[in-house]
Amino acid sequence: MSHWRRIWRIAVVLLIITAAGAAGFHISQTLAYQQQLARSQVQLRVFGQTIASELARYDYVPHVLTLDSKINQLLDNPDQAAVVQAANLYLSALNERTATRAIYILDKTGKVLATSNWQRPDSYLGEDLSYRPYFRAAIQGQTGRFYGVGTTRSEPGYYLSAPLGNRRSPSGVAVVKVGLEPLEANWQGLDGGVLLVDENGVVILASQPRWRLQTVFPLAPAKRAALDRSLQYNRAPLPSMGIEQQKAIADDAELVRIRKGSLLLSQNMPLAGTAWRLYLLSSTQALQMGALKTATLASGGSALLALLGVVWNARRRINAERQKARIALEAANAELERKVIERTADLSAANLQLQAEVTERIRTEATLRRAQDELLQAGKLAVIGQMSTGIAHELNQPLAALRTLSGNTVRFLARGDLATAQSNLQTIIQLVERMGKISGALKSFARKSSNRMVPVELNAALENALFLLETRIHSAGVVIERDMPAQAWVKAEATRLEQVLVNLLANALDAVATVTNPHIRVVGQLEQGEVSVSICDNGPGLTAEAEARLFEPFFTTKPVGEGLGLGLTLSIGILDEFGGRLSGYHQPQGGACFTMVLPQTTKEMLG
Ligand code: ADP
């Protein structure tokens, strides 16, 4: 896979994970908001009903006063101290009973005639409260409901007022001031907040005291001036709570922050029977956490899925590759088997052929060996043939001498010259011995080889060879120079070694036949475990062609009937069998030189 493709895939997977997280967050958040909204709606209704019923509890109080005779007397005789006092006492008793802040009676001009707090130094007694909206509403025959902050003690409260006497033209007004703070006690422990906001947007009750007498929206300057003038809140500063709207969620629900605080879900509803609204602020922290958890789960889940996808994909790829490799392996195997079968067949054929060839070679070798033996024999016989003239001469001479000597001896015996006869007989014996020696040498030379190798002393072998050629040497007047080490033992077969020497000497004799002052040098040397014998002559030497073809069978430069061209071939073959070698070369000063080399051995060595 290419680098970019991999990066692209990773990016897609990351995108999916992020998208899953975002979607999880969004869905979870939306659902949580809906649930929260439903919960808050219920809570708002409950709080609203609590407030409404709390307010309703005091509704009857001003009306009760309309019916009371003491109050009616007061309105009729406001200047009688006893009447006023009786009213005061009654009002304070009633105030205590109803657990209200204050109950007081105003005349139709708005002046306080009697009050439950008559004995306190800051009592309302005699105060003019005609500017109060609750007075104005009541004097017009209506029930007044009004939240305000007292001017005397700066004490906030809920004012309820009702006309006294005739509704059309009331003779006075009864007012009850109620402290609503106990309601707030219900709101403690909420992790958001609850606000009761009056028609001016001023918080009159709050789950947190610091919000009280703050506004949910900043007040317009004109409105603020009007409120200051009315003394409704006794010139309280009425700062803004600092609510910032973040996002509308539903018709009456929105996300807000208070002074950059945490996000709150704000809902409100009108409070029945009043111009007030009840606000519920719920913390969204748990909700956000839940959404975040869902987002994490969604991301984790999709990451897991992606991982599974990757693993599955990798497995699939590995399996495919394995399958491919297996198929390739099977194919290779089949091919190999086919080749093996093919090769085996080839090899079997080659083997058969080889066996046939080996058999053939063995047969050829046997034939060759036989031919070689025969050739050897032929070579010997040829040499003997060559020598026959010499041998005949050699034998004829003693024979003639024998005939003469034996004739003479007969005559000397007849004369009685025994001494001469004895001397003659002695000579005869010597002659016969010499003849026996000649025939013995010939016999041993002509004998077929025995193939038995023994330590042979080279000087002795050379002696025998020279003896066989003695007649030729003498008749041609060839000088033989010998320079041989005293003892030079080689492992060989005596007669065959002699034959090699005879061949080399005979060739040398042939070569010097035409030269004046013919010379043959036989030089032996012991060197590095080897014995070399060089037979050099002062004949015409070797032509380049002869030097190259010396050891070729039937190569000869001699006239027909004189040379067979086998001598050197046989000689090199024999020396080879003895573990030796033979070489021939033309000497710079003229003449040819043939050197045979054989491994040296000792006399004791038994082959
Ligand atoms: P052959 O003696 O029957 O010719 P050889 O194998 O002994 O066969 O010799 C081969 C040839 O090598 C000879 O014909 C001759 O030409 C050459 N040759 C051998 N020895 C000598 C030598 N000492 N001097 C010159 N030529 C030689």
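The values are calculated or read from the model by the stated rules, or taken from the named source; none is laboratory data. Remember, predicted model here, so these are calculated numbers, not experimental data. So basically every Cβ, Gly included, is an ideal-geometry build from the backbone, and we count neighbours across all protein chains shown. What goes into the accessible areas is simple: the full protein's heavy atoms, side chains included, and nothing from ligands, DNA or RNA. Shrake-Rupley method; radii C 1.70, N 1.55, O 1.52, S 1.80 Å.
At-a-glance table
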{"quantity": "Solvent-accessible area of residue 537 with every protein chain in place, 1.4 Å probe, in Å² to the nearest 10", "calculated": "10"}
{"quantity": "Under-5 Å amide H pairs with residue 519, H placed in peptide plane, nonlocal only", "calculated": "479, 538"}
{"quantity": "Relative contact order, percent, the stretch 120-206 [alpha-carbon distance under 8 Å, six or more residues apart]", "calculated": "19"}
{"quantity": "Leading residue at positive end of dipole, the chain (Cβ point charges), from 147, 288, 563", "calculated": "147"}
{"quantity": "Percent accessible area from carbon and sulfur atoms, the chain, protein chains only, probe 1.4 Å", "calculated": "58"}
{"quantity": "Relative counts (whole %) of C-alpha pair distances in the stretch 309-358, using bins that are 5 Å wide", "calculated": "6, 17, 12, 11, 9, 9, 8, 7, 6, 5, 4, 3, 2, 1"}
{"quantity": "Other-chain or far-sequence residues with amide H under 5 Å of residue 601's (modelled H)", "calculated": "489, 490, 491"}
{"quantity": "Accessible area expressed per residue, the stretch 495-607, with surrounding protein chains retained (probe 1.4 Å, Å²)", "calculated": "48"}
{"quantity": "Calculated on alpha-carbon atoms, Rg and Dmax of the stretch 110-248 in Å", "calculated": "16.9, 54"}
{"quantity": "Cα coordinate range in the stretch 1-114, projected on the principal axes (Å, largest first)", "calculated": "109, 23, 21"}
{"quantity": "Rg over Rh [alpha-carbon atoms, Kirkwood Rh] for the stretch 227-366", "calculated": "1.82"}
{"quantity": "Calculated P(r) of the chain - Cα pairs past 32 Å, %", "calculated": "73"}
{"quantity": "Dmax and Rg, reported as Rg then Dmax, of the stretch 56-187 (C-alpha, Å)", "calculated": "13.6, 47"}
{"quantity": "Cβ crowding within 10 Å averaged over residues, with 149-157, 10-18 ranked highest first", "calculated": "149-157, 10-18"}
{"quantity": "Volume per residue that the Cα convex hull of the stretch 487-526 spans, once the total is divided by residue count, Å³", "calculated": "75"}
{"quantity": "The chain: antiparallel DSSP beta bridges as a percent of all, rounded to 5", "calculated": "95"}
{"quantity": "Under 21 Å from the Cα of residue 260 - lysines, other chains or at least 8 residues apart", "calculated": "247"}
{"quantity": "Farthest positive-ward along the stretch 99-193 dipole, Cα basis, beta-carbon charges - from 158, 192, 115", "calculated": "115"}
{"quantity": "Mean Kyte hydropathy of -1.0 or more with a Cα span along the axis of at least 20 Å, helices from DSSP in the chain", "calculated": "3-67, 81-98, 285-415, 418-446, 494-512"}
{"quantity": "Paired Rg and Dmax values of the stretch 462-607, which use every Cα atom, in angstrom", "calculated": "14.9, 45"}
{"quantity": "Dimensionless Rg over Rh [the stretch 521-607; C-alpha; Kirkwood]", "calculated": "1.03"}
{"quantity": "The stretch 152-232 - charge dipole about Cα centre, Lys and Arg +1 at Cβ, Asp and Glu -1, debye rounded to 20", "calculated": "420"}
{"quantity": "Relative contact order (percent, whole number), the chain, Cα cutoff 8 Å, 6+ residue spacing", "calculated": "9"}
{"quantity": "Euclidean distance between Cα centres, the stretch 139-154 to the stretch 158-198, Å", "calculated": "9"}
{"quantity": "Sequence of 97, 5, 259 from largest to smallest accessible area, 1.4 Å probe", "calculated": "97, 259, 5"}
{"quantity": "Cα pair distances exceeding 20 angstrom across the stretch 452-525, given as percent", "calculated": "30"}
{"quantity": "Reachable lysines, given that their alpha-carbon falls under 27 Å from the alpha-carbon of residue 558 and they are not under 8 places away in the same chain", "calculated": "380, 443, 448"}
{"quantity": "Range of Cα positions in the stretch 227-269 per principal axis (Å), largest first", "calculated": "38, 23, 10"}
{"quantity": "Aspartates and glutamates whose Cα lies under 19 Å from that of residue 111, excluding same-chain neighbours fewer than 8 positions away", "calculated": "76, 79, 122, 127, 128"}
{"quantity": "For residue 147, residues with placed amide H under 5 Å, excluding near neighbours", "calculated": "159"}
